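Report on one structure; see the data block that follows.
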Amino acid sequence: MPPASPDPDDQLAPITAMMSSRLMVLANLLKRGAILRYKRLAGLSSVEFGLVASLGRRPPMSVVRLAEAVGMDKGQISRALAGLVSRKLVSRAVNPRDNREVLVCLTRTGLIAHETIVAGALERNQRLLEQLGEGERAVLMGYIDRLTATAAKMLDAEKDLS
């Protein structure tokens, strides 16, 4: 009887064999591909495409709220917004209800860039998942949702310990 072939995971360093490490590798590959695509199609940097995607078809929002939505600091957001404003993708206006607050939203040109991002994301998502059957996709999405909920609880627990 031939010896059992070694498990490929046995060849990996313990941390790289972990599910979380594998998911981070997948997420990083997807992000790098998206960054290259949106730079090519819409001339947007990674920070800019995140802002355009977050602003989407939403009503105007404050810079503070946008920074919270994308999980970045207000200074970095402000610099990226300045570039988007200069290229007429985003407009800024003082909040009529609170003149200390600046509201930002996409312009018509920004909406076109947003539609480009959405179309590209849909195509990338379809291409990634086309190798799975419908049932497999449903199971995978269910697992991802469960893992995400558990990871959020783990984050909250870490915050409580800090």
| V25 fails exactly one of the following numbered conditions: (1) of a type in the set (V, I, T); (2) over 30 Å from I15 (Cβ atoms); (3) part of a helix (DSSP H, G or I). What is the number of that condition? | (2)
| note | Checked V52, V85, V63 against criteria (aliphatic (A, V, I, L, M) and within 25 Å of R124 (Cα to Cα)); the one match is V52
| request: Please work out if P2 is more than 14 Å from L111 (Cα to Cα), exposed (fewer than 12 other Cβ atoms within 10 Å of the Cβ) and modelled with pLDDT under 90. | output: yes
| query | Of the residues that make up the range 48-63, is at least one under 23 Å from K31 (Cα atoms) and either of a type in the set (S, T, N, Q) or free of Cβ contacts under 8 Å to residues at least 24 places away in the same chain (or both)? | reply | yes
| query | Among the residues of the range 59-73, is there at least one that is modelled with pLDDT of 85 or more, surrounded by fewer than 16 Cβ atoms within 10 Å (Cβ to Cβ), under 16 Å from V118 (Cβ atoms) and not hydroxyl-bearing (S, T, Y)? | reply | no
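The rows are residues; the columns are (1) under 20 Å from K31 (Cα atoms); (2) part of a helix (DSSP H, G or I); (3) basic (K, R); (4) open to solvent by 80 Å² or more (accessible area, probe 1.4 Å).
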| residue | (1), (2), (3), (4) |
| --- | --- |
| L140 | yes, yes, no, no |
| D145 | yes, yes, no, yes |
| A149 | no, yes, no, no |
| M154 | no, yes, no, yes |
| K159 | no, yes, yes, yes |
| Subset of the range 80-120 [surrounded by fewer than 16 Cβ atoms within 10 Å (Cβ to Cβ), part of a helix (DSSP H, G or I) and either free of Cβ contacts under 8 Å to residues at least 24 places away in the same chain or aliphatic (A, V, I, L, M) (or both)] | A82, V85, S86, R108, T109, I112, E115, V118, A119
| note | With the first residue restricted to the range 137-162 and required to be closer than 15 Å to S20 by Cβ, and the second required to be exposed (fewer than 10 other Cβ atoms within 10 Å of the Cβ) and hydrophobic (A, V, I, L, M, F, W, C), Cβ contacts under 9 Å at 6 or more apart or on different chains are L147/M19
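The values are calculated or read from the model by the stated rules, or taken from the named source; none is laboratory data. Keep in mind that what you see is a predicted model, and the values were worked out from it rather than measured. Positions of Cβ are backbone-derived with ideal geometry, glycine not excepted, and every protein chain shown enters the neighbour counts. Heads up: the accessible areas ignore ligands, DNA and RNA and are worked out on the full protein's heavy atoms, side chains in. Shrake-Rupley method; radii C 1.70, N 1.55, O 1.52, S 1.80 Å.
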